[in-house]
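Below: one structure, written as structure tokens.
The values are calculated or read from the model by the stated rules, or taken from the named source; none is laboratory data. Small disclaimer: the values here were computed from a predicted structure and weren't measured. Cβ: placed from backbone, ideal geometry, glycine included. Neighbour counts: every protein chain shown.
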Amino acid sequence: MHIPDGLMDPLVALVGFVEFLAVIAFAVAASGSRMREKDLPRVAVLSAGIFVAQMVNFPVGGGTTGHLIGGALLAIIAGPVIAIIGMTVVVLIQALMFGDGGLTAFGLNAVNMAIIAPLIGWGVYSLVKQLVGDASRAASSTAIAAGAWASVFVAAAACAAELSVSHAISGGAYGIAATVAIPAMLVYHAVIGIGEAVITAGIILYLQSASPEAFRPRPRDRTDRIALLTLARSRTFQAAIAVLTVFALALPFYFLYASEGADGLEQTMADAGTDEGEPLLSSPFSYGEDYFAALFAGLLGFTAVMLLALTVMAVTRSGRAETRLE
Amino acid sequence: MIVAHLANRSHAPPYAATATKSSWFIPLDARAKVVGVFTYVVACAVITRPELIATSLIASLAFVACSRVDHTAVGRAYLSALPFILFASFSVFLFSGTEKGIAMLGRASACLMPLLVLVVGTESFDLFAGLRRLRVPWVITTLLMLTHRYILLFTEELSRLKTAKEARGHRGGRSLLDRYGLRVVSSTGAAVLLRAWDRADRVYEGLKVRGFERDMTAWKSSRFGAREVLFCAVLVGVSAAILAAHL
């Protein structure tokens, strides 16, 4: 799943890099309160263990083999924040020391394997564990296996989407066509995911029985918990999460039903025989001609508007606070 | 920590140890190498016109040749990445035509070769120290260094476990339905992690004794001198020329 240089459209690679920088900055800041100096060698050994575990190939059938990604494994053992940093280190070593995965594609590789895989793995594991609500070995195995399978499948889906978007917005100069990338990546990784699920569950259950003290969760800092609870109870936060979730889920489907016809003003101009003049300022972006280009433009626009709105809110709030102080 | 790293230099980088000693590229400051190569790779990744891709491919080959790093190691690493590049090029060839397919192959190769020169021609500790000097957060660079050291240890551990498995008659399993095969793979992975976990505390004590203080401290002095400025200027100049021709 390591994307080499020159395969991705530069704009997609840039977006991947920006996403990676934003998440890793948050993870590094958050790890400051969670990771003690004594934990550093432990996290390093776990990352090295994941790197080596990636070298153990397992049989998929028909003479084909797959290997672990390890994102879910690290997230379940060490927690999502540490897993993001640990997996970033693994992907960075693969790129810088072994030439596996490109420099310009590093952001996208890290997003797929160091951010999406551990977060999805940990999220699905936590969700299934709560749904099952049973501390038995079978329930635990189910939750771990579900998390591990989902981590591989969703990371592969993200990689396929990036390849398809690159192909669509570059007119075929970069990426891989969606008709090849999506079925190939999803089918192959759905099978590899089964191996990841079985092996991750096997490894964690073995470790839990052989060394249970390694899995005793550290008591969470009380201030952390209070801050999280306050944030979660905030109505603005709840509304923002609800709106973001609905938009994020709806965006891919919205473009499927988008009409290619002219809008009201364009139709009126066409009826009146008025032509569009030369623009004073030409934008480097366009909405594109097909589904993936439009989806990508939609995602870019959505992110830009959201960031702008948050900045305006922050500026307004600080202005109000200053007025109150006066 | 540094002492420990230097003491284990014989293990260290997979390619740098075999790189040609006479190379002018190897002694360069890692910051210059990272910045120069990254700029050049970004420029190569952006271009789409066939004549520019051909030019950048020739420039990359010239860079490999004149860097005097171990060419066999660069070739071997390139061959291991080639199947994925060929798959992508073939897909582009099927959907967008021969010209774009060949362009993809040329562009990906032009980007990969300087990266492999960086990999082959830089010692691991120099690279991590260079990243630290480029203001990469300490938690990442310290973890990079420690992880790299443990990878070498656990690769040996894994090879010992593999030999032990084979001595007991394990031949790798046949498919995902082979429960025995997957159980052996799981327990091997778990054993590697368990040994790693046990070792971490002992390693921490060892590091403290050697004066470990969270952040890495470079022992060797390294400076961004005239050679580094010249190297960066050449690569940035070539990258700017490629981009200007592209625009």
Those residues of segment A:11-41 which are aromatic (Phe, Trp, Tyr) and touching a residue at least 40 places away in the same chain (Cβ under 8 Å), in sequence order: A:17, A:20
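So is residue A:155 among the small types (Gly, Ala, Ser), outside any loop (DSSP other than H, G, I, E, B) and within 28 Å of residue B:50 (Cβ to Cβ) or not? Working first, answer last.
Working: among the small types (Gly, Ala, Ser): yes; outside any loop (DSSP other than H, G, I, E, B): yes; within 28 Å of residue B:50 (Cβ to Cβ): no.
Criteria not met by residue A:155.
If you check A:139, A:160, A:181, which single one turns out to be assigned by TED's automatic domain parsing to the domain that holds residue A:67, out of contact with any Pro (no Cβ under 9 Å at 6 or more places or on another chain) and buried (at least 19 other Cβ atoms within 10 Å of the Cβ)?
Numbers: A:139 fails: buried (at least 19 other Cβ atoms within 10 Å of the Cβ); A:160 fails: out of contact with any Pro (no Cβ under 9 Å at 6 or more places or on another chain).
Exactly one of A:139, A:160, A:181 is assigned by TED's automatic domain parsing to the domain that holds residue A:67, out of contact with any Pro (no Cβ under 9 Å at 6 or more places or on another chain) and buried (at least 19 other Cβ atoms within 10 Å of the Cβ), namely A:181.
Right, residue A:176: buried (at least 23 other Cβ atoms within 10 Å of the Cβ), within 23 Å of residue B:105 (Cβ to Cβ), within 13 Å of chain B (Cβ to nearest Cβ) and of a type in the set (A, V, I, L, M) or not? Walk me through how you get there before you give the answer.
Values: buried (at least 23 other Cβ atoms within 10 Å of the Cβ): yes; within 23 Å of residue B:105 (Cβ to Cβ): yes; within 13 Å of chain B (Cβ to nearest Cβ): yes; of a type in the set (A, V, I, L, M): yes.
Judged against the criteria, residue A:176 is a match.
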Residue that is farthest from the other protein chains (Cβ to nearest Cβ), among those in segment B:151-168 that are in contact (Cβ under 8 Å) with a residue 12 or more places away in the chain and of a type in the set (Lys, Arg): B:165
Any hit, segment A:193-204, residues being at pLDDT below 85, within 14 Å of chain B (Cβ to nearest Cβ) and in a loop (DSSP other than H, G, I, E, B): no
Pairs where the first residue, in segment A:156-173, is farther than 15 Å from residue A:105 by Cβ and the second is of a type in the set (D, E, K, R), C-beta under 8 Å, 6+ apart: A:168/A:290; A:169/A:9; A:172/B:100; A:173/A:9; A:173/B:100
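Modelled with pLDDT of 80 or more and in contact with a Gly (Cβ under 6 Å, 6 or more places away or on another chain), is that true of residue B:65?
Numbers: modelled with pLDDT of 80 or more: yes; in contact with a Gly (Cβ under 6 Å, 6 or more places away or on another chain): no.
Against the criterion (modelled with pLDDT of 80 or more and in contact with a Gly (Cβ under 6 Å, 6 or more places away or on another chain)), residue B:65 does not qualify.
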